[in-house]
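First the structure, in the form of structure tokens, and then the observations on it.
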2 protein chains.
Amino acid sequence: MLQNLTIEQLLNYNVVMKPSKTDCYAINPDIIQKIEMSDIDKLLDLAEFFKIMGDGTRVRLLWALEQAEMCVNDLAVLLDMTKSAVSHQLKILRSAKLVKAEKRGKNVYYSLSDNHVKTVLEMALEHINE
Amino acid sequence: MLQNLTIEQLLNYNVVMKPSKTDCYAINPDIIQKIEMSDIDKLLDLAEFFKIMGDGTRVRLLWALEQAEMCVNDLAVLLDMTKSAVSHQLKILRSAKLVKAEKRGKNVYYSLSDNHVKTVLEMALEHINE
DNA sequence: TTGACAGTTGAACGGTTGTTCAATTATAAT
DNA sequence: ATTATAATTGAACAACCGTTCAACTGTCAA
């Protein structure tokens with residue numbers, strides 16, 4: 001009678017214990033209950049976005065590309081890094097859709113995919129400066 | 001005659017080679033020269049700030065504390081983590097001045113140190129949502 | 001076709017990071 | 001005083017991350 005139910009349904013029956021990692025009990029259960037955590041997935045996406053911005057090389061790349069489109073060699077010279085290291089980071093920025101690439105002849109020119117990134121950088125800079 | 005000069009001065013004399021990591025030459029030296037990289041230290045501070053925000057646990061802690069001050073046990077139950085793990089992350093948030101602690105009796109209550117963090121979170125959420 | 005160069009790729013290395021675990025401090029209650 | 005619990009701490013561990021290195025692809029010029 002219980003064997004065709006989903007995990008969710010079994011949880012409702014208290015047949016399956018949801019594994020809990022906590023090693024303590026709540027001090028103020030009433031407060032916890034009022035906390036809104038439904039946007040949790042968006043929060044994790046948000047953390048993912050911050051994680052990409054949380055690297056000196058990538059921030060410098062974005063800052064440079066905000067001023068002009070550039071190819072890998074130019075960026076490598078500007079940041080005093082190897083082509084390979086720059087290319088690896090550009091790949092990360094591109095997979096996060098923060099940067100786009102365009103091949104012209106022997107070179108690949110990179111630029112910001114939209115000016116949203118620019119405003120985020122500027123806002124955060126203001127936040128730091130105060 | 002040269003032995004009492006600073007590194008900077010020696011560099012001007014071309015006595016010391018500034019070690020370069022690049023493995024290539026610039027394609028467009030004119031473009032590189034126009035790029036403004038003087039705010040580089042602020043950019044790195046910025047990356048440091050993003051790095052702290054780039055963790056799911058920390059973002060969830062901030063999101064929860066934005067709604068109510070809470071002690072470690074409550075946060076551990078809410079996020080389904082051990083007290084220890086929560087405490088470690090709170091320490092990081094506190095050393096970044098994003099969160100402040102206040103001991104009351106047996107408990108330590110944490111809250112956002114200012115509402116600046118809240119606005120940053122909201123702005124970034126808007127950025128994600130579009 | 002050959003050589004030179006721009007760029008990419010994957011493996012490997014070293015450093016960093018988040019969680020766990022065990023031990024410890026501090027406060028309150030019995 | 002003793003016990004129980006909240007919280008912190010440092011060491012240890014595994015997973016992750018950025019750079020390096022070497023090999024490779026693709027394009028242009030001779």
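How do B:Cys24, B:Cys71 rank when sorted from fewest to most other Cβ atoms within 10 Å of their own Cβ?
B:Cys24, B:Cys71
Any idea what the B:Asp80 label distances to the other copies are, label 7 Å down the Cα→Cβ vector, nm, shortest first?
4.8
Excluding residues fewer than 8 places away in the same chain, name every one of the lysines whose C-alpha is closer than 30 Å to that of B:Lys97.
Straight-distance partners of B:Lys97: A:Lys21, A:Lys34, A:Lys42, A:Lys51, A:Lys118, B:Lys42, B:Lys51, B:Lys83, B:Lys106, B:Lys118.
Sort largest first and round to whole Å: the equivalent ellipsoid semi-axes of the range B:40-129, each the square root of five times a Cα gyration tensor eigenvalue. Provide the component values of the computation, followed by the final result.
Values: eigenvalues 108, 41, 31 Å².
Semi-axis lengths for the range B:40-129 are 23, 14, 13 Å.
Run the label-point distances for B:Lys100 please: 7 Å along Cα to Cβ, every other copy, nanometres, shortest first.
The projected label point of B:Lys100 is separated from its counterparts by 4.6 nm.
For the residues A:Tyr109, A:Tyr25, what sequence is obtained by ranking on other C-beta atoms within 10 Å, fewest first?
Numbers: A:Tyr109 19, A:Tyr25 10.
Ascending Cβ contact count within 10 Å gives the list A:Tyr25, A:Tyr109.
Spelling out what I want: for every residue of the range A:106-112, take phi, set θ = phi - 60°, compute 6.51 cos²θ - 1.76 cosθ + 1.60 (Karplus), and round to whole Hz; glycine and proline get x.
My calculation for the range A:106-112 gives 7, 10, 10, 9, 9, 8, 5 Hz in order.
Of B:Met53, A:Met123, how do they rank once you tally other Cβ atoms within 10 Å and put the fewest first? Intermediate values should be presented prior to the final figure.
Details: B:Met53 24, A:Met123 15.
Lowest count first: A:Met123, B:Met53.
Show the residues, 5+ positions off or on another chain, whose built amide H is closer than 5 Å to the amide H of B:Gly54.
none
So who's got an amide H within less than 5 Å of the one on B:Asp23, skipping anything under 5 residues away but keeping other chains? H placed 1.01 Å off N, in plane.
It is A:Lys83, by chain and number.
Given contacts defined as C-alpha pairs under 8 Å and at least six residues apart, what's the relative contact order of the range A:56-129, whole-number percent?
Details: 65 pairs, mean separation 23.8, N = 74.
Relative contact order, the range A:56-129: 32 percent.
Quick one: Cα centre-to-centre distance for the range A:44-110 and the range B:22-42, in angstrom?
Distance between centres, Cα-based: 13 Å.
Every read-out reported here was derived from the displayed coordinates using simple, explicitly stated rules and does not represent laboratory data. In this text, all values refer to a predicted model and were calculated from it rather than measured experimentally. Heads up, the Cβs are rebuilt from the backbone with ideal geometry, glycines too, and the neighbour counts pull from every protein chain shown.
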